[in-house]
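Written below as structure tokens is the structure these notes are about.
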Amino acid sequence: MPLLEVNNLTKKYDGLLAVDNVSFKINAGQIFALIGPNGSGKTTIFNCINNFCPITSGNIIFKNNNIENLKSYKICKMGIGRTFQVVKPLSRMTVLDNIVTSAFLRVNNIENAREKALEILDFCGLSHLQDKQAKSLPIAGKKRLEIARALATEPSLLLLDETAAGLNPKELEEAIALIKKIKEKGISILIVEHIMKVIMAISDLIHVINFGKTIFEGKPEDAVKNRAVIEAYLGEEYANS
């Protein structure tokens, strides 16, 4: 049984068709990549899965339960965590307290929340920054904090929205290593990312959309050879590299 099923998902905004009848399934333990040009509907799909915006038609099934009409916090409590393309830390709070806040989804006292947060800080390589204000972190630190906050909710499925954007080559390698560690913990991942080095390094399956419609789904090595994917997204330069 798939962990997540997105069936015939359609989302319209005042007549604009942002997502057009998209379907895919994610199995437990998978890293599933959702890629496509800017404006193709990737983040909209994330927002529909979390019900940050209601779907127009279709359905979304998580752990064999329909979730498209649930409140976002209930979907999170069921086990879907996410990061945001534009990072949104609690800027005036410390790195540690940002994670403590998220941990309260699962625990009901400060001691347990702090213990959980310290474990996640160590896992994400942020222990040395725990007393820093979140707003003082560089972009790589804020991206990592965003992941840490999501992990504190104990997701079984983690949605990562462009967590590698803006990182330098060393930081990219560290981001890839962290994503692989998350998978090793048994957490499934749905990732939106433009940096193909990241996608090729981590993905089990790739789903490509363009103008809100699916144009390809398959293994990473097949995606980079697919003519529709090359023309819509990768470009001939990538294909010939």
Gaussian network model of the chain, springs between alpha carbon atoms under 10 Å - residue of Asn109, Asn64, Asn226 with greatest fluctuation: Asn109
Cα-based shape type of segment 121-196, given that a ≥ b ≥ c are square roots of the gyration tensor eigenvalues and the cut on a/c is 1.5: oblate
Cα gyration tensor shape of segment 1-72, rounded if a/c is under 1.5, else prolate or oblate by comparing a/b with b/c: oblate
Between segment 29-82 and segment 169-241, the alpha-carbon center distance in angstrom: 19 Å
Ile139-Asn108 pseudo-label distance in nm [points 7 Å out on the Cα-to-Cβ vector]: 4.3 nm
Inter-label distance for Phe211 and Ala28, nm, one decimal - labels placed 7 Å from Cα along Cα-to-Cβ: 4.0 nm
Folded to 0 to 90 degrees: helix 110-123 orientation relative to the chain principal axis, Cα: 60 degrees
Computed FRET value (nearest 0.05) for Asn8 with Lys219, which takes r as the C-beta separation and R₀ as 25 Å: 0.60
Per-residue HN-Hα couplings for segment 157-164 [Karplus 6.51, -1.76, 1.60; θ = phi - 60°; Hz; x = Gly/Pro]: 10, 10, 9, 10, 9, 6, 6, 9
Nearest-0.05 FRET efficiency for His194 and Leu118, computed from C-beta distance (R0 41 Å): 0.80
Correct option for Rg and Dmax of the Cα atoms in Å [calculated from the coordinates] among (i) 17.7, 52; (ii) 23.7, 82; (iii) 17.8, 56: (iii)
Dipole magnitude (debye, nearest 20) for the chain, charges at Cβ of Lys, Arg, Asp, Glu: 580 debye
Most to least packed among 94-102, 143-151 [average Cβ atoms within 10 Å]: 143-151, 94-102
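A short reminder: the numbers here are calculations on the coordinates, not readings from a lab. All of these numbers come straight from a predicted model, not from anything done at the bench. Counting neighbours? That spans all protein chains shown, and the Cβs are built from the backbone with ideal geometry, glycine included.
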